[in-house]
Every structure is written in structure tokens, then in C-alpha cells.
Amino acid sequence: MKPLFLLLLVASSGFAQSFRIGVEGGVPLTSAFNTQGPGAIPVVLPTGPPIYSSSTKRYTAGATAELDLPFHLAVKADLLYKRLGFGSATLGPAGTTAATTANSFELPLLGKYSVSKLGPLQPYVEGGVAFRTLQGVNQIAESVCPMCAVPLSQTSHPAELSHTFNKGFAAGAGLEFRHLLVGVFGEIRYTRWTTDAFSAPNGLLNSTRNQADLLVGVTF
């Protein structure tokens, strides 16, 4: 029994060293939405369909976990958070404006291959599937006319919301520096979503299916 116990102890110790967790963050390299319309929204125009504007929130934050495998392979999973939002306006003297926000949680599941080693530096490529869920969707609309009796409205199911759950595939390339138990990495990742999370009925807004991110992180 003693040799078996020692073998299990060594195996568990090796597994612990090959499994790493950490934190990561970054910035999106693409806009979250495609919109058509003027940047400045006038309010005294004939009433028409809503026009849209958006500004990409320039941050991504989350956690990562990675399990090293033989032959320079690894599997990794991330949990990434982004804040999404866009504005809309129905033009005219009795028009309305609306602000829509949502919390995006992405879960990429990736296979990773370290191409070669340049001392402590390890270039790598990765690919796999990704899942996204939207939480806390909220739209607040109000009249642009102070004298109009249009009440303030709020909804968690705006007309532009198409899918709160989405899936796609992801691929990326990066460079990692490892020293003892610490790893520091940077990468560019591309994600292709299969459906739109948001899509306006008039076709003037839709969420971007082609997504690119610059990510950096540290693992232990």
C-alpha cells in the first residue's frame, strides 16, 4: 500500500502543477453594434422609425483556467464579462429616446497548442467553441418633449432583443511568458457568433457577429 500511496501522491502533485487559474482582461478591437444613422440625433424632424447610436465599452474582464497536456497541448476555459449598450430615438416633436444596456458573459472553451519555445517565451495558437448569455437587459425610454404626456417606460424585453443565449467558434494566437509557477500572456482572439443578440426591426441596428479582442492575463 505504501508504494501505491506514494504513486498517487506524486500523480496528484503533478496534476496540481499542470492546472492553473488566473485573471485576464483586455479591450475589444471591434464595435459591439452596427448602426446606421447620424452621430448627433436631432429632435425636430418628421416622426419616423427609430435611429440608433452606440459606443463600445472599452474593457473586458474575467477569469481563466488552463490544464496542460502532453505534446505541447492544453485545454482552457474563460469567463469574460462585457457591458453592452446602445441608444435609440424616434424623431419628431413627440418623439422618444431610449437607452438600452445589458451584461454579456462569454464562456470560450478552447484547445491550445504551444508552437515552440523561445526560452521562457511560448508562442501559441488556440481554437474552440464559445457561448454567450445576456443578463440584466434593461431599456428605459422617455419623451423628448417636456410638454407631452408620454410616460417614462422601462422593459427587460426591448423590441431589438433577439437572443439572450448565443454560440459560436473562437480562434486566437498569442505569446506567453512562464517562470516557475507564474505565467503572463497576451493574445488576439477572434470570435464568430452564429446569431445576433440584438437586431432592430427596421434593420438599422444589429449586434456584431465578427468579434475581435486583445486580451492579457496572468495565471498561477
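Computed values, structure above
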item	result
Residue, farthest from the chain's Cα centre (by Cα), within the stretch 91-103, restricted to residues that are crowded, with 19+ Cβ neighbours inside 10 Å and among the β-branched types (Val, Ile, Thr)	Thr96
Residue list for the stretch 152-195, filter: outside any loop (DSSP other than H, G, I, E, B), touching a residue at least 24 places away in the same chain (Cβ under 8 Å), surrounded by fewer than 18 Cβ atoms within 10 Å (Cβ to Cβ) and of a type in the set (Ser, Thr, Tyr)	none
Selected residue [among the aromatic types (Phe, Trp, Tyr) and in contact (Cβ under 8 Å) with a residue 60 or more places away in the chain] from Phe86, Phe131	Phe86
Test: Tyr81 is assigned to a strand (DSSP E or B), aromatic (Phe, Trp, Tyr) and at pLDDT 95 or above	yes
The stretch 55-69: number of residues that are in a loop (DSSP other than H, G, I, E, B) and modelled with pLDDT of 90 or more	1
Hits in the stretch 196-220 - residues which are without any contact (Cβ under 8 Å) to a residue 40 or more places away in the chain and either farther than 22 Å from Ser162 by Cβ or assigned to a strand (DSSP E or B) (or both)	Ser199
Residue in the stretch 125-143 that is in contact with a Gly (Cβ under 8 Å, 6 or more places away or on another chain) and at pLDDT below 95 present	yes
Test: Glu106 is in contact (Cβ under 8 Å) with a residue 40 or more places away in the chain and either in contact with a helix residue (DSSP H, G or I) (Cβ under 8 Å, 6 or more places away or on another chain) or closer than 18 Å to His163 by Cβ (or both)	yes
Filtered residue count, the stretch 127-140, keeping only those that are aliphatic (A, V, I, L, M) and either surrounded by fewer than 16 Cβ atoms within 10 Å (Cβ to Cβ) or assigned to a loop (DSSP other than H, G, I, E, B) (or both)	2
Every pair of residues 6+ apart whose Cβ atoms lie under 7 Å, when the first sits in the stretch 56-79 and is farther than 12 Å from Leu215 by Cα while the second is assigned to a loop (DSSP other than H, G, I, E, B) and of a type in the set (S, T, N, Q)	Thr56/Ser31
Matching residues in the stretch 114-126 - criterion: being assigned to a strand (DSSP E or B) and either out of contact with any Phe, Trp or Tyr (no Cβ under 9 Å at 6 or more places or on another chain) or at positive phi (or both)	Leu118, Pro123
Test: residue in the stretch 104-115 that is modelled with pLDDT of 95 or more, buried (at least 19 other Cβ atoms within 10 Å of the Cβ), in contact with a Lys or Arg (Cβ under 6 Å, 6 or more places away or on another chain) and among the basic types (Lys, Arg)	yes
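The values are calculated or read from the model by the stated rules, or taken from the named source; none is laboratory data. Just so we're clear, the structure is a prediction, and the values are computed from it rather than from any experiment. Glycine gets a Cβ as well: all are built from the backbone with ideal geometry, and neighbour counts include every protein chain shown.
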